[in-house]
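Single-structure report; data block below.
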Amino acid sequence: MKISSTLGKMINEQINHELQSHYEYLALAAWFETTPYSGFASWMKKQSAEEQEHAMKFFKYLNDRGGAVVLNALAKPKTKYKSVVEAFKYALAQEQKITKLIHKIYAQAEKGSDYETRHFLSWFLQEQVEEEKSALDMIERLDLVGDSPHALLRLDATAGTRQ
């Protein structure tokens, strides 16, 4: 069954949001590369790669359903942060934005009785729970360690082991 034009447009927009998210995480990684925190840089690079993978899942799904992928220009990402915790709060806000956008697509799929799209989006909904939790866990840890350089470096080392 061909996807509706409304859902096709929304999924196209989501592809671009996922690519923008990929770009934002890449910029976060670049910022961390200018700091002593190579583990946080690695964490952000891995997150960036995940976001690109998500975009490609939407890309494939839209093509599989007979839609046409239309890519738009990406906005320049934020490049400077005052602190490690500010950078992770920015990442969390990005994830929360993506979650809301997926909810809108899901609601439209439900409204149009598009069961295939609802099923497809189920994976993303669960993934967003994990994405938000991961960023929030890091923020909570950063809040615990405060400005302690030793604790920040230890947390950075742990972040660098993310799979």
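Can you tell me how many residues within region 31-55 are out of contact with any helix residue (DSSP H, G or I) (no Cβ under 8 Å at 6 or more places or on another chain) and closer than 15 Å to Tyr81 by Cβ?
Counting residues in region 31-55 that are out of contact with any helix residue (DSSP H, G or I) (no Cβ under 8 Å at 6 or more places or on another chain) and closer than 15 Å to Tyr81 by Cβ gives 1.
Can you tell me how many residues in region 52-66 are more than 20 Å from the chain's Cα centre (by Cα) and among the charged types (D, E, K, R)?
Here the count works out to 2.
Look through Ser21, Ser48, Ser4 and report the one residue that is crowded, with 16+ Cβ neighbours inside 10 Å and touching a His at 6+ places or on another chain (Cβ under 7 Å).
Selected residue: Ser48, the only one of Ser21, Ser48, Ser4 that is crowded, with 16+ Cβ neighbours inside 10 Å and touching a His at 6+ places or on another chain (Cβ under 7 Å).
Pairs only if they're at least six apart or on different chains, beta carbon under 9 angstrom, first in region 120-144 and closer than 13 Å to Lys89 by Cβ, second not in a helix (DSSP H, G or I); list them, first residue then second.
Close Cβ pairs (under 9 Å, with a partner that is not in a helix (DSSP H, G or I)) amount to Leu142/Ser83.
Looking at (1) surrounded by 12 or more Cβ atoms within 10 Å (Cβ to Cβ); (2) in a loop (DSSP other than H, G, I, E, B), which is the only condition Ser113 fails?
Of the numbered conditions (1) surrounded by 12 or more Cβ atoms within 10 Å (Cβ to Cβ); (2) in a loop (DSSP other than H, G, I, E, B), the odd one out for Ser113 is (1).
Please find, among Ala107, Ala93, the residue that is within 11 Å of the chain's Cα centre (by Cα), part of a helix (DSSP H, G or I), farther than 17 Å from Lys46 by Cα and not polar (S, T, N, Q).
Among Ala107, Ala93, only Ala93 is within 11 Å of the chain's Cα centre (by Cα), part of a helix (DSSP H, G or I), farther than 17 Å from Lys46 by Cα and not polar (S, T, N, Q).
Give the residues of region 60-92 that are of a type in the set (A, V, I, L, M, F, W, C), farther than 19 Å from Ser38 by Cα and surrounded by 12 or more Cβ atoms within 10 Å (Cβ to Cβ), sorted by residue number.
Answer for region 60-92, where residues must be of a type in the set (A, V, I, L, M, F, W, C), farther than 19 Å from Ser38 by Cα and surrounded by 12 or more Cβ atoms within 10 Å (Cβ to Cβ): Leu62, Val69, Val70, Leu74, Leu92.
Please go through region 116-139 and pick out each residue that is within 30 Å of Gly160 (Cβ to Cβ) and either surrounded by 13 or more Cβ atoms within 10 Å (Cβ to Cβ) or at pLDDT below 95 (or both).
Phe124, Leu125, Glu127, Gln128, Glu131, Glu132, Ser134, Ala135, Leu136, Met138, Ile139
Give the residues of region 58-93 that are without any contact (Cβ under 8 Å) to a residue 40 or more places away in the chain and either in contact with a Lys or Arg (Cβ under 9 Å, 6 or more places away or on another chain) or farther than 16 Å from Tyr25 by Cβ (or both), sorted by residue number.
Once the filter is applied, which keeps residues that are without any contact (Cβ under 8 Å) to a residue 40 or more places away in the chain and either in contact with a Lys or Arg (Cβ under 9 Å, 6 or more places away or on another chain) or farther than 16 Å from Tyr25 by Cβ (or both), region 58-93 yields Lys60, Asn63, Asp64, Ala73, Lys82, Ser83.
Are any residues in region 67-90 within 18 Å of the chain's Cα centre (by Cα) and basic (Lys, Arg), and if so, which ones?
Passing the criteria: Lys76, Lys78, Lys89.
The values are calculated or read from the model by the stated rules, or taken from the named source; none is laboratory data. Just so you know, these numbers come straight off a predicted model, no measurement behind them. Glycine gets a Cβ as well: all are built from the backbone with ideal geometry, and neighbour counts include every protein chain shown.
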